[in-house]
Structure formats: structure tokens, C-alpha cells
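What follows draws every value from the coordinates through simple rules; no lab data is involved. Values in this document were obtained by computation on a predicted structure and should not be read as measured data. We place every Cβ from the backbone using ideal geometry, glycine too, and count neighbours over all the protein chains shown.
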């Protein structure tokens, strides 16, 4: 009896990246910036709305005091 091991290279198991269409342009009025086919957003970096990360944890007593004064 012979023990064998079969494997594939690491790069072959990956899926293709999603694409969101060719020839897309920023949705902001007169902006003509072309968007990458891999960019799912509708605006270019300059016109995209600000995104704020979710903050976790608790406020310190000092911070809370400043907010309520």
C-alpha cells in the first residue's frame, strides 16, 4: 500500500473578483472620473460621502462631563 498526498497550488482555489461593469463614471454631476470595474461604489474618492467607523467601548467620565456642560 502506498500513501500519497494530492494538493493544488494556493492560487488556483481563489474565486474571480467581482466586477461592477465597464465604462462607469462618477455619479457626481460634472465629474468625469472613470471608476474601476472592481470598485463597487458609485462615486470617485473625491466625491464619496464620508464614512465613520463604529466606535466601541465606553466614554470616560471626563468626556461625558464635557458633552453635558
Relative contact order %, the chain, counting alpha carbon pairs below 8 Å whose residues are six or more apart: 20
Sequence of 51, 66 once ranked by neighbouring C-beta atoms within 10 Å, starting from the fewest: 51, 66
Which of 68, 47 has the fewest other C-beta atoms within 10 Å, and how do the rest follow up to the most? 68, 47
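Tell me, what is the FRET efficiency for residue 40 and residue 60 to the nearest 0.05, using R0 = 35 angstrom and their Cβ-Cβ distance as r?
E between residue 40 and residue 60, to the nearest 0.05, is 0.40.
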When 43, 59 are ordered from fewest to most other Cβ atoms inside 10 Å of their Cβ, what list results? 59, 43
